[in-house]
Structure formats: structure tokens, C-alpha cells
1. Scan region 230-251 for residues that are open to solvent by 30 Å² or more (accessible area, probe 1.4 Å) and on the phi > 0 side of the Ramachandran plot and jot them down.
2. Assuming E271 fulfils every condition listed in (1) out of contact with any Phe, Trp or Tyr (no Cβ under 6 Å at 6 or more places or on another chain); (2) surrounded by 15 or more Cβ atoms within 10 Å (Cβ to Cβ); (3) modelled with pLDDT of 95 or more; (4) part of a helix (DSSP H, G or I) apart from one, which condition is it?
3. Quick check on A189: is it surrounded by 15 or more Cβ atoms within 10 Å (Cβ to Cβ) and modelled with pLDDT of 95 or more?
4. Between a residue in region 239-251 that is over 18 Å from V229 (Cα atoms) and any residue that is of a type in the set (D, E) and open to solvent by 20 Å² or more (accessible area, probe 1.4 Å), which pairs come within a Cβ distance under 6 Å, given they are 6 or more apart or on different chains?
5. Quick check on G137: is it in the same structural domain as I218 (by the TED database), surrounded by fewer than 16 Cβ atoms within 10 Å (Cβ to Cβ), under 26 Å from C281 (Cα atoms) and not acidic (D, E)?
6. Which pairs turn up if I take residues in region 161-180 that are open to solvent by 20 Å² or more (accessible area, probe 1.4 Å) and look for partners that are at pLDDT below 95 and part of a helix (DSSP H, G or I) with beta carbon separation below 8 Å, at least 6 apart in sequence or on another chain?
Amino acid sequence: MTVTEPAARRVLRPPAGYRLGPTVRSLTFSPYDPCARIAAGTFWWATRTPAGPATLALRASAGDLLAEGYGPGADWVVDSADAIAGLRDDLTGFAELAAAHPLVAELARRHHGMRMPATGQVFRSLLRAVFEQKVTGKEAYRAYAATVRHFRAAAPGPLQPLLLPPEAAAVAGTPYWVFHPFGVEQRRADTLRRVAAVADRLERCADSTEATRRLTSIAGIGPWTAAEVVRVAYGDPDAVSVGDYHVPNTVAWALAGEARGDDARMLDLLEPFRGHRGRVCGLLAAAGIQAPKFGPRAPIRSFARF
């Protein structure tokens, strides 16, 4: 579906110091994401909208941000471009909270141009988050990329071979054994198929609170997955990934100088930043802060051989 001319355009006015790359990086699953990537300074994001397939291109232009949409859903993605670019991100009150801790204050200053995107799309975020459950990042990416390519559908626009995420209905109707060669065991495959079956209802959630409640009522979806989804779909700055393997240690190390921490300790240290706890975790990640490592790395496995 190669289309060279955009069907819709919009010029956005980002705040001073805004940085596109760091803002939208959370919307890509590695530099080789088949559905989204940054190429030559332009962010390309392929998706399925209520109006049909679309690709959004975002690029800096003379201090502005140019949004261009391709495909039947071009108007939808261009109308949502400011949210996807993080320009609806509300930092009200964060500077005062950040000032309470010298490191957080410094990171807020250093990364002041980074905003939190809000895509407005729940299932797209679920596709990635479910594959990331309880496995290494490499295992998760392999499963995600293989699934996207299995349901291969070319995205509109000039960047090839950009692909669309699979349709929820197609995922819901696909038996478990199709996912097995992608390295996905039955637990995650069944979870993905369950959320795909109710994707339409999930997309109608009014806010992150309702989405979290509905998500965590589904078997296989816990607080970690829900937080990963609402932080991107709704730009929720307070969403904390409780149950993460690394984040509690990172928070404990960065905020208290403690090499290890559990979820309770993480939440205790983040409490002064309530309302922006997820934003603080994002700043720590952007700065590359990690707790000291002990012991061997987790092995890369292949469930396809099990």
C-alpha cells in the first residue's frame, strides 16, 4: 500500500526545548519495530484507526512539528498527532514535586524536552505488553515481531516495509498453536487472545482508571501489564509497573542508594511524587540509571522448542 503524498497535514507548536526522539521512543519496540520507527529524523507510526489503516509521520520543521497522515485513517491520526507527540502531557505540579529530591530535580531539568505520549489505543499497547510478561526483552521482541509479520499487512505511506499491527479480531480467532513457533507459550497466547476478543470494549474506556479496572478483570492481566498499557494509551504520568523485575531496584538505587528494593519499597520512595510516579520512573529510564547487577543474566529461551 505505497502512497507517497499525505492525505492530511497539520502543523503543531511544541514548547521550547521539546525533543521528538526521546518523547516517542516509548512507542517503538526496538529500532527495528515493524510498526513504528525513527528514520532520518522522522517518526513513522503505523496503526489501525476507527476510520481504517493509517500511518502518521512526525518531523521537526523550523521550530514546529509537522504531522502528516497517510491512508484511510489519515484524518484520525493527524487529529490525534498532538497527543501522540506528547503535546497534551500535563506537567502541572511536577516541578514542585521534583524539587523534593535532588536527582529527580536534575533529571527533570536535563530531560525537560521529553513528554509522555498518549496514543488513545489500548489493544496496540496490549500486543506488546502481553508478550513482555515474565520474559526477557529479546524474547518479547521476537514474539511481537513474528506475530506482526504473520498477520502481515502493509502500512500506507512511503516508508516500506512498515507494517500495520494485526487486527484484534484476527488475533482473537487464531489458535494457540500458531503463536507457539514464535516463542509464545500457551499462557501468554491465551491472554492475548482473551484481550483481543474484548478489544472493542477496552478501546471505549473513558480514562486510565476505567481501563485499569477493566484490564485487571481479565485473566492473565495484572497490575504490571495494566500500567504498561495505560501509561502509553492514556499518557498516565502516575502509572507504576508494580511487579517489574528491574524497576523496584532502579528506584531504590536512584532515590535511596539501596542496591535492591521490592514493590513496597519502590512505592514508598515514589509516594512523594504521587500524580507523577510513572514520570519519575520514565526519567530514571531515560537517564540510563540501573541498580548494580549481581549474578548471571536471565537466559534467552525459546518456547518453540518446548
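The values are calculated or read from the model by the stated rules, or taken from the named source; none is laboratory data. Values in this document were obtained by computation on a predicted structure and should not be read as measured data. As a convention, Cβ positions derive from the backbone with ideal geometry for all residues, glycine included, and neighbour counts pool all protein chains shown. In case anyone asks, the SASA skips ligands and DNA or RNA and just uses the protein heavy atoms, side chains included. Shrake-Rupley method; radii C 1.70, N 1.55, O 1.52, S 1.80 Å.
1. Within region 230-251, G243 is the sole residue that qualifies.
2. The number of the failed condition is (2).
3. yes
4. As it stands, the answer is P248/D262; P248/D263, since those pairs meet every condition given.
5. Yes; evaluated as a whole, the condition is true for this residue.
6. From region 161-180, the pairs are H180/F303; H180/A304.
So that you can scan it fast, the table gives a plain yes or no per residue for (1) more than 24 Å from D207 (Cβ to Cβ); (2) open to solvent by less than 50 Å² (accessible area, probe 1.4 Å); (3) touching a helix residue (DSSP H, G or I) at 6+ places or on another chain (Cβ under 8 Å); (4) modelled with pLDDT of 95 or more:
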position	(1), (2), (3), (4)
Y32	yes, no, yes, no
L56	no, yes, yes, yes
A62	yes, no, no, no
R88	no, no, yes, yes
F94	no, yes, yes, yes
P117	no, yes, yes, yes
F123	no, yes, yes, yes
